[in-house]
1. Just the accessible area per residue of the chain, please: how many Å² with a 1.4 Å probe?
2. If I compute solvent accessible area with a 1.4 Å probe over the protein chains, what percent of it on the chain is carbon and sulfur?
3. Given 25 °C and 0.890 mPa s, compute D for region 59-133 with the Stokes-Einstein relation, Rh being the Kirkwood radius over Cα pairs; round to the nearest whole µm²/s.
4. Can you check what the net charge comes to around Ala39, using other residues whose Cβ is under 12 Å from the Cβ of Ala39 (Lys, Arg +1; Asp, Glu -1)?
5. From the Cα gyration tensor of region 11-135, with a ≥ b ≥ c the square roots of its eigenvalues, which class applies: rounded if a/c is under 1.5, or else prolate if a/b is larger than b/c, or else oblate?
6. To check you understand DSSP bridge types, tell me what percent of the beta bridges within the chain (both residues inside) are antiparallel, rounded to 5.
7. Mind checking the dipole of the chain: about its Cα centre, +1 per Lys or Arg Cβ, -1 per Asp or Glu Cβ, Debye to the nearest 20?
8. Starting with the highest mean, order 114-121, 56-63, 103-110 by the number of other Cβ atoms within 10 Å, averaged over the residues of each peptide.
Amino acid sequence: MPFQVNNFLLIDNDSDFSRRFTEHYFRGSQNSTLVIAGANTRQLVKLMFDQLIKDYCYCDFANEISVSELATYLHEHHEIAGVLFNETDYLLADDKQRFIYNSLHSVRFLVSEGEQGFQFSPVPDEAHNNHLSCQGDIAQTPHDLDALSEKLNS
């Protein structure tokens, strides 16, 4: 049975890879459930216009504030089942970048492209649950900001 990428977040570091991946899974489909995040918003808008993704989010993955905002947005607007990384991009990332990647979600897969199509393998590194995670209550923005302010200042 093929790997189901429904409700996953794809990290877009390589626009050509992201285009091939989304076309493979969602070309001709009216119901793409893939969310994509990256810095190349022009490419992301094109993918959404072509109905290859459900939604996109700008994110500068080198900036923890940007990643934290992404996590909050995803937590509030999407039920992300896990995160997909281009295997080459993940393996070339430095330790700080991998920490950020491993904080996004507890379910993470590396995606490689070969002659047989796309292959998936679990990320071997430990996941971190923190302010950069898009699942759990940490990413949730409190609705009562006065109570939060009082709690933080006590």
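1. 57 Å²
2. Roughly 49 percent of what the probe reaches on the chain is carbon or sulfur.
3. Rounded to a whole number, D works out at 190 µm²/s.
4. Charge balance near Ala39 sits at -2.
5. oblate
6. Antiparallel bridges: around 30 percent, rounded to the nearest 5.
7. 400 debye
8. 103-110, 56-63, 114-121
The values are calculated or read from the model by the stated rules, or taken from the named source; none is laboratory data. Everything numeric in this text was worked out from a predicted model, so none of it was measured. Reconstructed Cβ throughout: ideal geometry from the backbone, glycine too, with neighbour counts over all protein chains shown. When the accessible area is computed, the model is the full protein with side chains, heavy atoms only, and any ligands, DNA or RNA have been set aside. Shrake-Rupley method; radii C 1.70, N 1.55, O 1.52, S 1.80 Å.
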